Amino acid sequence: MGYRITMVAVINLSKELLWKRQFFFYTLKSMMKKYILLTLIFPYCLTGGSQTYEHYYRTQYDDIVYDALKINNEEVVFALNYGEYPNNYSSLIIKMDMNIGNFVDSVILLNDTGFIYQGVSKIFLTDTNLLTIVGTCKNIVTNDKQIFIANYTDNFDLIMDTIVGDPNLDEIFFDVIFSSDSLLVFSGMREYGTVLLEERTINGILVKSKNYTGLGTLSSTIVEIPQNNNYHLYGYWDNNHSFYVINKNDLSVKTSIEYNGWFLPRNAYRKQNANYYYVFGRKLSIEPVEQDNLFYLKLSNSGEILQEIEISNDSITYYTQNCFGLNENSIYFGGAYPCTWTAPLEFYPEQRWVFLNKLDLDGNIIWQKYYKGNVNFMPYKVLATNDGGAIIFSSFYDWNDPIPNQRDVHILKIDSLGYYTPLTGTPEKFEQMEKQILVYPNPVTSKVNFVFGLYNNLKIDIFDMKGEKVFSKTFVHSAKIDIAHFKPGIYPYVISGENGFHEEGKMIKK
C-alpha cells in the first residue's frame, strides 16, 4: 500500500544568475511511527548546452539509491531506500524532472508487519503508463528471503503489491530483467552453490523456475536473446568463467561459453532488436599488483566476444551495480576510486571519488572525470539522459558523522562534457572538475598521486612559482611523486601525452 508525500518548496530566486537554488523540506511518517527529516539542496545551471544540478539528501537513517528509470522524455523515477543498516529499510519512490531536478511526486512503499524490508533494487516501465517495482524482504518468522513486487501507474496510483516465493526457502535475486514475453526473469541464488532462474508475471505469478548446481556460486547477470529463444546466464565467482545458454522453453542448459578469466559480471544491456549486447562489471588483475578494474564485454547474440574494455587504475576501482548508461553514440561507465578491501566497504573511512568514463561505441575514450572525493563516495546508478549527459546516483559516507553506519545520497547531473556547477558555499571550484587526471592529496605534505585512469604514457612537468622546472618524468600508468623536499608554496604542473593530450593545474605544498 502506498502513501503520497506532500512537499513544500521554499525557493530563493536570483534573476541576475544563471542558476537558482532551491530548498525542499518534508517529513515522512511510516507505519512504525518513525519520522524522517529529508533535506534537499540543489542548484542548476546551463553548461555545455544542457542543464546540470546537484542534490544532497541527508537524514538520520542510512539512505541509498540502487535504481532509477526514465519514464518519458522529461521525467525520472528513482527509489530512495532508508532505514537501519544492514537490512531494515523502507522505500520512497520519487518522480523528478530530468532536466531541472524539481520533484514532481512521491509515494512511500509501506512495510508489511510480517516482513523486514531490504529495499527496492529495480524499477521497470512494463507498459506505457505502468511502473513495476521489485525488491527484497525477509520473513520475520522463518527468516527467509523473499521477493516483493508492486505495480503503480506513472502517477503513483497503486494497482497491486505482493510478496512471492517459498516462505521456507531463500530466493535471493541479483538481477532481474523484463523480457519480451512481458515476464520478470530473476537470476540469483537459492543457497550457496545453487543458482536460481525464475520467471514470474508482473503480478508475481510463478511461470517457471529452475535450480542449477555446478554453475558457480550464484548467477549475477541475465540477458534475453529473443531471436534465438535463449537466455544468457552469467555466473559470479564461477570457476569455469563461463556463461550459460539457457533454452527459454524449459530453462535447460544448452551450452556454456567461456569469457575472460577474472571478470565478475554484474549488469547487462541489450537494445531491442540489436545483434549484440554489453555486460558490465569488474575484473581482478594480479600483475603487477592485485587490484580490481572496471571491465566490460561486448558480445554477439550467439555469445561471440566482440570487444573487451578494461579501465585500469593504480588500486581497486570498485564497480557496485547499475553504473552504466548508454546514449545513441556513447557509453557511460563508472565506479568508486580508490576502494580499500576492508569490510564493510561502504563504511570504510576513506576518501573516494566517483570515477566516470565516457566512451564511444567502439570503446575509445571521449573523456574521464573524478567527482567529489571529500568523503567516501560510491556510485550505484548511472542514467544516460536525452541531452547527451548523465545523472549519477551515489551514496556518501562521512566517518566523522556521529550517527554510525549512516550513508546519505548524492545526485549529480552532468552535461555531455562531464561538467557541472557545484553548490555555492563549498570549497569545490569549477576549474577542478575540468581535469581528467586525478591529483591528490592537494594540498600535499609529502607524496602526491597522479591517477591516469584510461590514459597512459603521460609526462608530468612540475614548476616552481618562478617558472623553473623542478620535476619532469614520463610514467606509463599512474604516478606517486615524493615532493617532501619541496619548499612550501604553489607548484603549477603540466601533464602531456599522445594525441595532443594536455592538462594543467596547480598543487599546494604545505
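Bear in mind these aren't lab numbers, they're just calculated from the coordinates by the rules spelled out. Since the model is a prediction, treat every value here as computed from it, not as a measurement. Cβ sites come from the backbone with ideal geometry, for glycine too, and all protein chains shown count toward neighbours.
Quick look at the numbers
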item	result
Fewest-first ranking of His502, His410, using other Cβ atoms within 10 Å as the exposure measure	His502, His410
Burial ordering of Lys413, Lys459, Lys369, fewest other beta-carbon atoms within 10 Å first	Lys459, Lys369, Lys413
Selection from Pro344, His232, Ile286, by position along the positive dipole direction of the chain (Cβ)	Pro344
Most to least packed among 154-164, 71-81, 352-362 [average Cβ atoms within 10 Å]	352-362, 71-81, 154-164
Leading residue at positive end of dipole, the chain (Cβ point charges), from His485, Ser416, Ile305	His485
Two-site label geometry, His477 and Asp166: point separation in nm, points 7 Å out along Cα→Cβ	4.5 nm
For Cys323, residues with placed amide H under 5 Å, excluding near neighbours	Val382
Size of charge dipole - region 245-284 - debye, nearest 20, with Cβ of Lys, Arg +1 and Asp, Glu -1, no other charges	200 debye
For the chain, convex hull of alpha carbons as volume per residue, Å³	156 Å³
Per-peptide average of other Cβ atoms within 10 Å, ordering 94-107, 315-328 highest first	315-328, 94-107
Ranked packing of 60-67, 190-197, 124-131, most packed first, by mean Cβ within 10 Å	60-67, 190-197, 124-131
Computed over region 38-185, Cα set: Rg, Dmax in Å	16.4, 55
Burial ordering of Trp367, Trp399, fewest other beta-carbon atoms within 10 Å first	Trp399, Trp367
Per-selection metrics, region 269-418 (Cα): Rg and Dmax in Å	15.8, 53
